[in-house]
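Q: My structure is below; once you've seen it, I'll send some questions.
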Amino acid sequence: VKVPSAASTVGVVGAGQLARMMQPAAIELGLTLTLLAESADAPAAQVIPDHLVGDYRDLDVLRGWAGRADVVTFDHEHVPPEHLAALAAADVVCRPGPAALVYAQDKERMRDRLSAAGFPCPHYVVTSEPAVVSAFAEQVGGYPVVVKAPRGGYDGKGVWYVADEDEAGAAITRTGGRALLVEQVVPFIRELAALVARSPSGQVAVYPVVETIQRDGVCDEVIAPAPGLPADRAVAAQRLAMEIAGELDATGILAVELFELPDGRLLVNELAMRPHNTGHWTIDGAVTSQFENHLRAVLDLPLGSPAPRARWSVMVNVLGGAIPTLTDGYPHVFAREPRLRVHLYGKTVRPGRKVGHVTAYGDDLGDLRSRARHAARWFSDGCDDGGEGSR
Ligand SMILES: Nc1ncnc2c1ncn2[C@@H]1O[C@H](COP(=O)(O)OP(=O)(O)O)[C@@H](O)[C@H]1O
Ligand SMILES: [Mg+2]
């Protein structure tokens, strides 16, 4: 088995924006990345010269490519678990390892494992029977309930609110009759995320807990730290993330999405074991970005400080809108917002697609939020429609 070191080549499966944003960190540290890319024009393949274009679902392709790397990590969680097991059997070092990653791949396995280990989760049941959905709904105060495809979902794709048994049946049919994860609709006051980097040696760096605001199931805005979060609750969230990382033996970044309840309790929504949208603010707003700490962690190097560099950081995603060429927004945004940090991913614009983000950091939270939102909307639509948060 290879022992990864700072001289190692880090292989990344997937060439989306997360792999792309690992590259600046790799450049600064003098590390080498190699990609298994879905296409030559994928966001990370544009900027990482050493890449193989190939399908991670093809085990021969995956195994052949993995030979280029000393340690393999991930831009997404879609690699089939049986392929990961085959890599492990071929002495490929995967970080996170297959046994940990499955809890970010499969929401049913995640719920079962975290509930059994005593971590607070929403009430849930797993079933392919509409009548069982209804019986569960009865127990949790009636419809609606949330149903989720255990695998393959992201950005709210694979998550549905169902209002009655017919809709439950339709969701089950839509997913090919497979069992779905059914959850109570959690009456949260807001969503939080706790992010940790964990190395194979067990060192952990924990970032400030953030508030995340989703629109149509997609992360839209992240505020670091979560405004008004009592210190004991912030520590409880950080502790949850550290304990889950240890319990599952996660390596690299682990993001724990949380629901904050009116009574102050926290429930775990889901896990990601890779750099996460709720950590993009760390590129500009923390001493060490999540991307750098992910690379340090998978190489088992000492982690960098997760401390914030400013009182507040606000990240707003740029979603695909009316403007096909995002850089058209540069003259206006750059002239208006010289302190704003802009990150575009090299993606073709499609409606609602995550194509970039902006980060504002400083002392006046209200001002930062409106500036970041204005810029993000300007990139998307060439205007700010005067809606919520506009100036
Ligand atoms: N049980 C629930 N109760 C209320 N809202 C939920 C529940 N589960 C998910 N959601 C909402 O749907 C969003 C997406 O669900 P999530 O399970 O995180 O799927 P994804 O993998 O698409 O991120 C969450 O961020 C939250 O806003
Ligand atoms: Mg989620």
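The values are calculated or read from the model by the stated rules, or taken from the named source; none is laboratory data. Note that the structure is predicted; figures quoted are calculated from it, not measured. Because the Cβ atoms are built from the backbone with ideal geometry, glycine has one as well, and the counts that use them run over all protein chains shown.
Q: Within region 104-116, identify whether any single residue is in a loop (DSSP other than H, G, I, E, B) and either on the phi < 0 side of the Ramachandran plot or modelled with pLDDT of 95 or more (or both), and answer yes or no.
A: The answer is no; no qualifying residue exists.
Yes/no matrix, rows are residues, columns are (1) within 28 Å of Arg296 (Cβ to Cβ); (2) touching a Leu at 6+ places or on another chain (Cβ under 8 Å):
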position	(1), (2)
Arg190	no, no
Val196	yes, yes
Val206	yes, yes
Cys219	yes, no
Ala226	yes, yes
Asp232	no, no
Gln238	yes, no
Ala241	yes, yes
Asp249	yes, no
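Q: Report whether or not Arg174 is farther than 25 Å from Thr359 by Cβ, away from ligand 2 (no atom under 16 Å from the Cβ), without any contact (Cβ under 8 Å) to a residue 24 or more places away in the chain and not small (Gly, Ala, Ser).
A: When the stated conditions are applied, Arg174 passes them.
Q: If you don't mind, there's one more thing I want to ask. Tell me which of these Gln203 doesn't satisfy, since it passes every other one: (1) within 30 Å of Thr251 (Cα to Cα); (2) more than 16 Å from ligand 1 (Cβ to nearest atom); (3) surrounded by 16 or more Cβ atoms within 10 Å (Cβ to Cβ).
A: (3)
Q: Pull out all pairs, ordered by first then second residue, where Cβ-Cβ is under 7 Å, the residues are six or more apart or on different chains, the first lies in region 204-217 and is on the phi > 0 side of the Ramachandran plot, and the second is among the β-branched types (Val, Ile, Thr) and within 13 Å of ligand 1 (Cβ to nearest atom).
A: Here the result reads Gly217/Val159, each pair linking region 204-217 to a residue that is among the β-branched types (Val, Ile, Thr) and within 13 Å of ligand 1 (Cβ to nearest atom).
Q: Let me ask another. Could you run through region 119-165 and say how many residues are within 16 Å of ligand 2 (Cβ to nearest atom) and under 30 Å from Gly320 (Cα atoms)?
A: So the count comes out to 16.
Q: Just to check your reading of the model, which residue among Leu181, Leu192 is within 17 Å of the chain's Cα centre (by Cα) and within 14 Å of ligand 1 (Cβ to nearest atom)?
A: Leu192
Q: Could you list, in sequence order, all residues of region 10-47 that are surrounded by 15 or more Cβ atoms within 10 Å (Cβ to Cβ) and of a type in the set (Val, Ile, Thr)?
A: Val10, Val12, Val13, Thr32, Thr34, Val47
Q: When you go through Val47, Val92 one by one, which is the residue that is in a loop (DSSP other than H, G, I, E, B), in contact with a helix residue (DSSP H, G or I) (Cβ under 6 Å, 6 or more places away or on another chain), at pLDDT 95 or above and under 20 Å from Ile27 (Cβ atoms)?
A: Result of the check over Val47, Val92: Val47.
Q: Being closer than 19 Å to Arg20 by Cα and of a type in the set (A, V, I, L, M, F, W, C) is true for just one of Leu35, Leu87, Leu62. Which residue is that?
A: Matching residue, one of Leu35, Leu87, Leu62: Leu35.
Q: Scan region 1-29 for residues that are in a loop (DSSP other than H, G, I, E, B) and at pLDDT 95 or above and jot them down.
A: The answer is Gly14, Ala15, Gly16.
Q: Here's a follow-up. Take the residues in region 313-350 that are part of a helix (DSSP H, G or I) and hydroxyl-bearing (Ser, Thr, Tyr); name whichever of them is surrounded by the most Cβ atoms within 10 Å (Cβ to Cβ).
A: Top of the filtered list is Tyr330.
Q: Moving to a separate point now. For residues that are within 15 Å of ligand 2 (Cβ to nearest atom) and assigned to a strand (DSSP E or B), tally how many sit in region 225-259.
A: So the count comes out to 7.
Q: The conditions are (1) under 18 Å from Leu266 (Cβ atoms); (2) near ligand 1 (Cβ under 10 Å from one of its atoms), and Gly153 fails exactly one of them. Which is it?
A: In the conditions (1) under 18 Å from Leu266 (Cβ atoms); (2) near ligand 1 (Cβ under 10 Å from one of its atoms), Gly153 misses (1) alone.
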